[in-house]
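No lab work stands behind these numbers, since they all come straight from the coordinates. As the structure is a computational prediction, the values presented were derived from the model and not from experiment. A quick note on method: Cβ atoms are made from the backbone with ideal geometry, for glycine too, and the neighbour counts reach across all protein chains shown.
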Amino acid sequence: MSIKVIQVGVGGFGTSWRHALSTIHGVEVVALADVNQNALDDAQKFFNVPKDRCFLSFNEALTNIDADVVVDATPQLHHCTNAMKTFAGGKHLVVVKPMSNEWDTGVAMVREAEAKGKKMVVAQQLRFHPIIMKIREVIQSGTLGQIGYIHQDAFFGKDGYSGSYPQPYPLLVQGAIHFFDYLRWVLDQEPISVSAECWNPSWTKGFGSRCAYVTFVISGECRVSFRGIATDADHTNWTCNWRIEGDKGILKVINDRIYLNEEEINVAWENGGDISDLGLPLLNKIVFEKFIDYLERDEEPGFSGRNNLKSLEMAFGAIKSSQTGQKYNM
C-alpha cells in the first residue's frame, strides 16, 4: 500500500516523526506545512520535498496537494481545527497527544472522523516504551495476582511542567495524559471515577496549575493514586516511578529500573540503547506501522481516536473534579 503524507508541524517535536516517515516502506511525504520558515526549510531538506510543496499555511497544503494521510504534530489547541479540515479534505489523521485541548472538541473530532468515514489515531507512543511494555507484561501474566492499588509519581523541575504553550492545566492535559493512558494500557481496564486537586506551591513561576494529586477508581476494584509535583529533587523520567501491588506480589519502577518482589528485572531496548532514552523516533514508527494496519486491515488499535477518548476523559475529568471539589464519574 502506498501512503502519501502531509505533515503539519515539522519543527520541535515534529522532527521525531522523521524516522518513521522516511523508513517505512510505501510511505511518502508529499508536502510539509509549518508557520516557522526555518523549521520548514530544515524539514524540506531532510525529506527532499520540492519547495513548491512546502507551505506556511496548512490550508494551502490541503488545497494544493493530493494525499492520503495528515500527520499533525502541532500544539493541541490547533488539533480540532486541523482535524476538521483533514476529514473534510478526505484524508485520514495521525495526531500527536493530547487529542485536543478540550474534552468537547476531542469528542467532536472522533464524531467527525466517523461521519466522514476516516480513520484517526492519537500518537500515545510512550505506551510502547520497553518499561511500560514490561509493566503490562507482568500484570497481564497474572504474576501479581489481583491488583489492589497502583501509585504513580511524576516529579518535574521546581517550576513544574509548563507544556508547550501557556495553558490553565499543563500538567494534566499535556503531561499526565501519558501517565493516565499507561494505566488503561497496562491494566486493560477502564476508570470508573476520578477525584483530583490541582495547585501550585509558592515557588512555581508562570501560568497554569502544575501540581496535582489524582485518585482513580478502576474497574475491578483497583485504586490508582497519581502524584505530579514541582520539586527541586528526585526528578523522574516520562515513564514515571511506580508501585503496583497485587495479592501475589509487588512491582516497582524506580528511576527506570524495574523490581519484581525486590529482584531487578532486566529491561532494554533491542538496539542496546540507554533505557532512560524515550526513543520517540522508534516509538513513533511503531505507532505509524499500527496505523497502517488499521488502514489496510481495519485492525483498530487501542490508541484510535475513539479508544483514546477515555484517556482524554481521565485528564478532563480530573480537571472537573479539581474545579468542583466533587468526584467525577466516567
### Message
Longer than 24 Å from Cα to Cα, which of K205/K285; K116/K285; K97/K134; K51/K290 are they? Say none if no pair is.
### Response
K205/K285; K116/K285; K51/K290
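As a footprinting exposure proxy, order Y294, Y213 by other Cβ within 10 Å, with the fewest listed first.
Y213, Y294
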#### Entry: Crossing angle, helix 305-324 versus the chain [Cα axis fit, 0-90 degrees, rounded to tens]
60
### Net lengthening on full extension, K4/Q140 (0.36 nm per residue, minus Cα-Cα)
45.3 nm
### Message
I need the phi-derived Karplus couplings for region 62-76: 6.51 cos²θ - 1.76 cosθ + 1.60, θ = phi - 60°, integer Hz, Gly and Pro marked x.
### Response
5, 6, 9, 10, 7, 8, 9, 9, 10, 9, 9, 10, 8, x, 5
### Query
What does the charge dipole of the chain about its Cα centre add up to, to the nearest 20 debye, if the Cβ of each Lys and Arg holds +1 and the Cβ of each Asp and Glu holds -1?
520
### Message
What distance in nm lies between label points placed 7 Å from Cα along the C-beta direction at Y165 and I192?
### Response
3.9
### Query
Taking only the alpha-carbon atoms of the chain, what semi-axes of the equivalent ellipsoid follow from 5 times the gyration tensor eigenvalues under a square root, in whole Å, largest first?
33, 22, 20
### Query
Relative to the longest principal Cα axis of the chain, at what angle does helix 280-297 sit, 0 to 90 degrees, rounded to 10?
70
### Summary
Given the candidates C80, V30, V8, the one whose Cα lies deepest towards the positive end of the charge dipole of region 1-98, counting +1 at each Lys or Arg C-beta and -1 at each Asp or Glu C-beta, is C80
## Note on the structure
Once phi for every residue in region 16-28 is put through the Karplus expression 6.51 cos²θ - 1.76 cosθ + 1.60 (θ = phi - 60°), the whole-Hz ³J(HN,Hα) values, with Gly and Pro written as x, are 5, 8, 4, 4, 4, 6, 9, 10, 7, 4, x, 9, 10
### Query
What is the order of I132, I229, fewest Cβ neighbours within 10 Å to most?
I229, I132
### Summary
Taking Cα atoms only, helix 103-116 is inclined relative to the longest principal axis of the chain by an angle, in degrees rounded to 10, of 50
## Note on the structure
Semi-axes (Å, rounded, descending) of the ellipsoid equivalent to region 141-279 per its C-alpha gyration tensor are 26, 20, 13
### Message
Sort 84-95, 18-29, 101-112, 257-268 by packing, meaning the average of other beta carbons within 10 Å per residue, with the highest value first.
### Response
84-95, 101-112, 18-29, 257-268
